[in-house]
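Worksheet: the structure to be examined is printed underneath.
The values are calculated or read from the model by the stated rules, or taken from the named source; none is laboratory data. Bear in mind that the values here come from a model prediction, so they are computed numbers and not experimental data. Note that we place each Cβ from the backbone using ideal geometry, even for glycine, and neighbour counts take in every protein chain shown. Accessible surface is based on the protein model in full, side chains and every heavy atom, while ligands, DNA and RNA are left aside. Shrake-Rupley method; radii C 1.70, N 1.55, O 1.52, S 1.80 Å.
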Amino acid sequence: MKHVYDIIEREGPFDAVMGFSQGAALACAMIAHHAKTHQEPLFKVAVFICGAVPFDSTGNEIIPEPSAGDEYPVNIPTANIVGKQDELYPSSMRLSRLCDPSKMSFHDHGSKHMVPFDVKNTEAMVAVIEAAVQKALRGE
């Protein structure tokens, strides 16, 4: 996290973050960690593709799912893209449950641990990413 925070400080700020697999887990963890100590979010929108389970800032504990009535660790618009045949599918779904459902756009591409490139899935992924960006632009 420190390395990425250093890049953000040196080259940012950035409006959005996109992560695949462990990159999605790291982005999610950083967003959740930053939200605990800052009023302004680290990013305005996030795209998580085939995400692994995110850990807390110590790297020792998995970020717990919120209980009923708790605030979501990720409270910005997100595009969550998962693959039903992905070995990390349960992890991707767990990551998605850390995101505020009212701010989340979701697509299951139905495939393995990859970013699919067929026209149908590409159009669907673009649509959920655009939906998340539009929510961010509207301040939702």
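Just wondering, is there one or more residues in segment 52-62 that are closer than 19 Å to residue 18 by Cβ, open to solvent by 40 Å² or more (accessible area, probe 1.4 Å) and aromatic (Phe, Trp, Tyr)?
Checked against the condition, which is being closer than 19 Å to residue 18 by Cβ, open to solvent by 40 Å² or more (accessible area, probe 1.4 Å) and aromatic (Phe, Trp, Tyr), segment 52-62 yields no hits at all.
For segment 28-37, does any single residue satisfy the condition of being open to solvent by 30 Å² or more (accessible area, probe 1.4 Å) and among the β-branched types (Val, Ile, Thr)?
yes
Which of the residues belonging to segment 71-90 are surrounded by 21 or more Cβ atoms within 10 Å (Cβ to Cβ) and among the hydroxyl-bearing types (Ser, Thr, Tyr)?
78
Filtering segment 131-140 down to residues that are farther than 12 Å from residue 80 by Cα and not in a loop (DSSP other than H, G, I, E, B), which residue is most open to solvent (accessible area, probe 1.4 Å)?
137
Suppose we filter segment 91-127 for residues that are part of a helix (DSSP H, G or I), of a type in the set (Asp, Glu) and surrounded by 14 or more Cβ atoms within 10 Å (Cβ to Cβ); how many remain?
Summing the residues that are part of a helix (DSSP H, G or I), of a type in the set (Asp, Glu) and surrounded by 14 or more Cβ atoms within 10 Å (Cβ to Cβ) in segment 91-127 gives 0.
So residue 68 fits all but one of (1) over 19 Å from residue 136 (Cβ atoms); (2) open to solvent by 90 Å² or more (accessible area, probe 1.4 Å); (3) outside any helix (DSSP H, G or I); (4) at pLDDT 95 or above; what number is the exception?
(4)
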